[in-house]
């Protein structure tokens, strides 16, 4: 029972960190007026985009994957792999979201401007 409570305590800490990261993302300049993650055209690197995306959604995804394996009492190695998997899924999702927005702009909005 004690080890289960310790695991739950660790999971709460992991998820709390993710919530904190999401709040940090809300107060960065890399957001548009709707709250979507965006990159200004000048002075922002790919690393900046990746960090913003991680704070906004990747932290919750990666830490949730890790927490699930913590509760299942998997090894630290598997927990870290789950963390990395969640991070990559969040980054891939953001790339797809950005690509879809660009496609919608090019297909529906840009032709109307011409």
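Table for the structure above
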item	result
Filter result for residue 60 (over 23 Å from residue 9 (Cβ atoms), modelled with pLDDT of 70 or more and assigned to a helix (DSSP H, G or I))	no
Some residue of segment 5-19 being in a loop (DSSP other than H, G, I, E, B), over 16 Å from residue 89 (Cβ atoms), out of contact with any helix residue (DSSP H, G or I) (no Cβ under 6 Å at 6 or more places or on another chain) and modelled with pLDDT under 85	no
From 88, 79, residue being out of contact with any helix residue (DSSP H, G or I) (no Cβ under 8 Å at 6 or more places or on another chain) and modelled with pLDDT of 90 or more	88
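The values are calculated or read from the model by the stated rules, or taken from the named source; none is laboratory data. Since this is a predicted model, take the numbers as computed values, not measurements. Positions of Cβ are backbone-derived with ideal geometry, glycine not excepted, and every protein chain shown enters the neighbour counts.
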